[in-house]
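Worksheet: one structure, shown below.
The values are calculated or read from the model by the stated rules, or taken from the named source; none is laboratory data. If you're wondering where the values come from, they're calculated on a predicted model, not measured in any experiment. Because the Cβ atoms are built from the backbone with ideal geometry, glycine has one as well, and the counts that use them run over all protein chains shown. For accessibility, only protein heavy atoms count, side chains too; no ligands or nucleic acids. Shrake-Rupley method; radii C 1.70, N 1.55, O 1.52, S 1.80 Å.
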Amino acid sequence: MKKLFHFVLALTMILGLSAFTKKAPITVFMIGDSTMANKDTTGDKQERGWGMMLQQYFKSGVVVDNHAVNGRSSKSFIDEGRWQKVLDKIKPGDYVIIQFGHNDEKPALDRHTDPGTTFDANLSRFVLETREKGGIPILCDAVVRRNFFRKVDSSVDDESLRNTVYEDENVNSDTLIDTHGAYLLSPRNVATKLNVPFIKANKITHDLEQGLGIEGSRKLHMWFKPGDHPSVPNGRKDNTHYNVYGGTVVAGLLAEEIAHQVPALKKFINKKKIKRLKKNLK
C-alpha cells in the first residue's frame, strides 16, 4: 500500500511538472496592408483581410497575431511605430509574415517607397530585425488587384474604394492586367538575397481570379449591388478588398503555400480543410 502511495505521488508530480513545462504556442505575426488586415465586423460588415481568416487553417500550437493595418506601406508602418510594437513581442521561434506593396506604390510622401532602393531597404529591415530577435521572417509579394482593364488608373487610392457604390465596370481584357509592376520584384529579390521563405501571393491570387473569370472573380471582393447586403445599402464596387468568402479562400491557398515554403510549419497546417476548400473551388 505504501509503495502504491509513493507511485501515485510520483506520477502526480510528473504530470504536474509536464503541465507546467508545456510548450508555449508559436506565434505567427503578420504585418502588411488592408488586403491582410483585421476588419470591423460590427453591423455584419463583410470586408475581410486574408490575414484575418488565416487562423482557421492552423491546428493548435500556432496563434496568428495580425498587425496589418489598412492603408499602410512599409514606410508608414515603420514611421508610425507599428513595427516596433511587433518587434517587442517577437520571441525565438516565432514567425513574421511580411506583405507590402499596395501602398508603397502610392505617390503620397508619407507612404511612398521605390522598388530597388527604399522599398527593398524596409523589407530587409523587417527581415534582419526579426532574425535578431530569434524569429523567422516570411516574405510575400502583393496580392493581385482584380483588374481586367488595360489602362490602369494609378491615382485611385485603395482606401477610397470603401466609398464607392455599385456600377458597371469597364472591361477590355480577358486576362488580368498587373497593377504592381516592379513592386512585385522587391520582396522576391530581398527573399533571394537574404535567404528568406517566399510566398508567391501575387501568382496564387492571379491564378485564382483568372480561373474564376471576369464575372466569377467578383464574388471574392467587396462587389455588391444595391440591396445585396444591408451593410452596403448602395452597393460597392471594390476590386482590391476581399469579402468573407474571398478572404477565406485566399487565406487557405496562401496557407497551403506556407506549408510548402516553411517545412517547420507544415505539421501545423490543416491540410484537410484546404483540400475541401480547393475541391469546392472547382
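Restricting attention to the range 112-134 and to residues that are in a loop (DSSP other than H, G, I, E, B) and free of Cβ contacts under 8 Å to residues at least 60 places away in the same chain, the residue that is surrounded by the most Cβ atoms within 10 Å (Cβ to Cβ) turns out to be 113. Within the range 244-268, residues that are modelled with pLDDT of 95 or more sit with their Cβ atoms under 8 Å from residues that are buried (at least 21 other Cβ atoms within 10 Å of the Cβ) and of a type in the set (Lys, Arg), at 6+ positions apart or across chains, in these pairs: 244/48; 246/48; 247/48; 248/48.
Against the numbered list (1) part of a loop (DSSP other than H, G, I, E, B); (2) closer than 30 Å to residue 115 by Cα; (3) open to solvent by 30 Å² or more (accessible area, probe 1.4 Å), residue 256 comes up short only at (1). For the range 207-230, the tally of residues that are open to solvent by 40 Å² or more (accessible area, probe 1.4 Å) and within 21 Å of residue 163 (Cα to Cα) stands at 7. Quickly run through the range 187-206 and pick out the residues that are open to solvent by 40 Å² or more (accessible area, probe 1.4 Å) and among the hydroxyl-bearing types (Ser, Thr, Tyr). Residue satisfying the conditions is 192 alone. The residues of the range 144-201 that are in contact with a Gly (Cβ under 9 Å, 6 or more places away or on another chain) and modelled with pLDDT of 95 or more, listed by number, are 180, 182, 183, 184, 185, 186, 187, 189. Considering (1) open to solvent by less than 30 Å² (accessible area, probe 1.4 Å); (2) in a loop (DSSP other than H, G, I, E, B), the lone condition that residue 234 does not fulfil carries the number (1). Within the range 27-68, restricting attention to residues that are outside any strand (DSSP E or B) and hydroxyl-bearing (Ser, Thr, Tyr), the residue that is surrounded by the most Cβ atoms within 10 Å (Cβ to Cβ) is 35. Is it the case that some residue within the range 85-95 is assigned to a loop (DSSP other than H, G, I, E, B) and within 28 Å of residue 146 (Cβ to Cβ)? Looking through the range 85-95, none of the residues is assigned to a loop (DSSP other than H, G, I, E, B) and within 28 Å of residue 146 (Cβ to Cβ).
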